[in-house]
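The values are calculated or read from the model by the stated rules, or taken from the named source; none is laboratory data. Because the structure is a prediction, the values reported are computed rather than measured. Here Cβ is always computed from backbone atoms with ideal geometry, including for glycine, and neighbour counts include all displayed protein chains. Just the protein is used for accessible areas: all its heavy atoms, side chains included, with ligands, DNA and RNA removed. Shrake-Rupley method; radii C 1.70, N 1.55, O 1.52, S 1.80 Å.
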Amino acid sequence: MRTLLFIIRKEFIQLFRNKIMVRIIFVLPLIQLIVLSYTATFEIKVIRLHIVDFDRSRTARDLTSHFSGSPFYKIVEYSNSNKLAEQDILRGSAQQIITIPAGFEKDLNTTGQAKVQLATDAIDGAAAALMNAYTLSIIQDFNMNLLVESSGLPVEEPIHITWSFWFNPELNYKNYMVPGILVLLVTIISMFLSGMNMVKEKEIGTIEQINVTPIKKYQFIIGKLLPYWIVALFELSFGLILAKFVFNIPILGSVWLIFLVASVYLLVTLGLALLISTKTNTQQQAMFLSWFFLVVFILMSGLFTPVESMPQWAKIINWLNPIAYFVEVIRMIMLKGSGFIDVLRNLVLLGVYATVALTVAVWQYRKTT
C-alpha cells in the first residue's frame, strides 16, 4: 500500500510540474464546454429567403408578409427573376426560394386554387427538412386565413390537439448538448492523457528503470491510472457546476448516481488507454490510435445525432461503444431525473466492459527486465 501511495504521489507531482499539461487539464475543457455548448447545435434560428414574385398583387404581398413578420426568416431579396434567385442559392446568400407565379391572385379568386413553388437548398438534409417544415406551416396558416376570409366563418378543425414538451419545455438545445459534452471532456482526459503518459515512460526510458524495481505490476498500473481517474472526476464536478450555474441546465436526478456511473465508465476508458499504450511505442502513435477510436465512438454515441436513426448494423456495432452508454445515462439522470433502477442496465454493461478492458490490458502489459 505504501508503495502504491508513493507511485500515485509521483504521478501527481509529475502531472502538475508540467505547466502545459495543467493548462490542458483545467483550461481547455472549460473553453471546449463553453464553445461547443453554444456552437454544436442543429437549431435553425434564421432562414435566408428569396421571394420571386411575378404576380405583384395584394394577396402575394399578404403571403410575403407572413414570412417577413416571422423572427425565423430573413428576406434577402424580393425580385421577379428566377435567375437572380438561383444565383443567391449558388452563392449561399439564400437557403430557400418561394416563387409566386403570375395570375396567383386571379386564380384564387376564380377557381379557389393557386400554386406556389418552394425550392430549398438541401445540401444539409436535416436542416432542409426543418426549413421545409417551417415554411410549409406558414403557408398552411396563410391557407387557413384565406378559407376564413372566403367563407366569412371560422374554420373548425375536426381534431383538437393539446401538446406539451416533457423534460425540455423551452426546447433549449443546450439542455441536450451540455450533458453529452461533459462525457466528451472526461473521456478526453482519461483516454488521451493517461495513455500518452504511459507511452511517455517508454520514450524517455524510465519505464525500464521501473521494471527492474520490486514494484509489482498491479501497483504500477494502479499508480499510473488512478491519478487520471481522480482528475477526470474533478473535471466532471467542475463541468456540472458550470452546467448548473452558467448554462442553467437542470440536474433533476442524483448527482451521486452520476458520479457512480462516471466512476465505472472511467475504468472503461482507462482500460482502453492502457491497452493502446501496450501496443504503441511513441506518444504520437498512442495519440493517433486513441483519436481513431474516439472519433468513431463520438460519432456513433448519440451525442450529435440519434442512435435510433442509424442502420441496424451500426446499432449492433454500437453495443461496443462505451460513450453511448454514458451519454444516455447522464441525459436520463440530469434531464429526466432517472433513478438507479432506470440506469441499471447501462451501468451493468459498463461494468462488464470495464472488467474486460482492464483484464485484457493488464494481461497485455509485460513487466520485463
Single condition residue 79 does not satisfy, out of (1) more than 21 Å from residue 43 (Cβ to Cβ); (2) touching a Leu at 6+ places or on another chain (Cβ under 8 Å); (3) small (Gly, Ala, Ser)
(2)
When you scan the stretch 248-268, how many residues do you find that are open to solvent by 10 Å² or more (accessible area, probe 1.4 Å) and part of a loop (DSSP other than H, G, I, E, B)?
6
Would you call residue 118 among the aliphatic types (A, V, I, L, M), more than 30 Å from residue 304 (Cβ to Cβ) and either under 32 Å from the mean Cα position of the chain (by Cα) or open to solvent by less than 60 Å² (accessible area, probe 1.4 Å) (or both)?
no
Kindly list the number of the only condition in (1) open to solvent by less than 80 Å² (accessible area, probe 1.4 Å); (2) closer than 29 Å to residue 49 by Cβ; (3) at pLDDT below 85 that fails for residue 192.
(2)
Can you list residue pairs whose Cβ atoms sit under 8 Å apart, with the first residue in the stretch 90-119 being free of Cβ contacts under 8 Å to residues at least 40 places away in the same chain and the second being in a loop (DSSP other than H, G, I, E, B) and among the hydrophobic types (A, V, I, L, M, F, W, C)? Count only pairs 6 or more apart in sequence or on different chains.
107/114
Just to verify a result, which residue in the stretch 1-54, among those that are in a helix (DSSP H, G or I) and of a type in the set (Lys, Arg), is nearest to residue 179 (Cα to Cα)?
23
Could you check, for the stretch 37-46, whether at least one of its residues is at pLDDT 85 or above and among the charged types (D, E, K, R)?
no
Going by the conditions given, is residue 54 open to solvent by less than 70 Å² (accessible area, probe 1.4 Å) and closer than 15 Å to residue 118 by Cα?
no
The residue from 247, 293, 259 that alone is among the hydrophobic types (A, V, I, L, M, F, W, C) and in contact with a Lys or Arg (Cβ under 7 Å, 6 or more places away or on another chain) is 247
Check whether at least one residue in the stretch 224-242 is farther than 30 Å from residue 339 by Cα and not in a loop (DSSP other than H, G, I, E, B), and report yes or no.
yes
Only residues that are open to solvent by less than 50 Å² (accessible area, probe 1.4 Å) and either farther than 11 Å from residue 138 by Cα or over 32 Å from the mean Cα position of the chain (by Cα) (or both): list them for the stretch 63-72, please.
63, 64, 66
Select from the stretch 88-106 the residues that are assigned to a helix (DSSP H, G or I) and open to solvent by 70 Å² or more (accessible area, probe 1.4 Å) and list them in ascending order.
90, 91, 106
Would you please name the residue that is farthest from residue 48 (Cα to Cα), looking only at residues in the stretch 122-137 that are touching a strand residue (DSSP E or B) at 6+ places or on another chain (Cβ under 8 Å) and aliphatic (A, V, I, L, M)?
136
So, restricting to helices (runs of 4 or more DSSP H) that lie completely within the stretch 270-369, which ones have at least 3 residues that are open to solvent by 20 Å² or more (accessible area, probe 1.4 Å)?
283-299, 312-317, 340-364
Only one of (1) in contact (Cβ under 8 Å) with a residue 12 or more places away in the chain; (2) surrounded by fewer than 16 Cβ atoms within 10 Å (Cβ to Cβ); (3) within 30 Å of residue 231 (Cβ to Cβ); (4) not acidic (Asp, Glu) fails for residue 25. Which number is that?
(2)
Being without any contact (Cβ under 8 Å) to a residue 40 or more places away in the chain, among the basic types (Lys, Arg), more than 30 Å from residue 183 (Cα to Cα) and assigned to a helix (DSSP H, G or I), is that true of even one residue in the stretch 72-79?
no
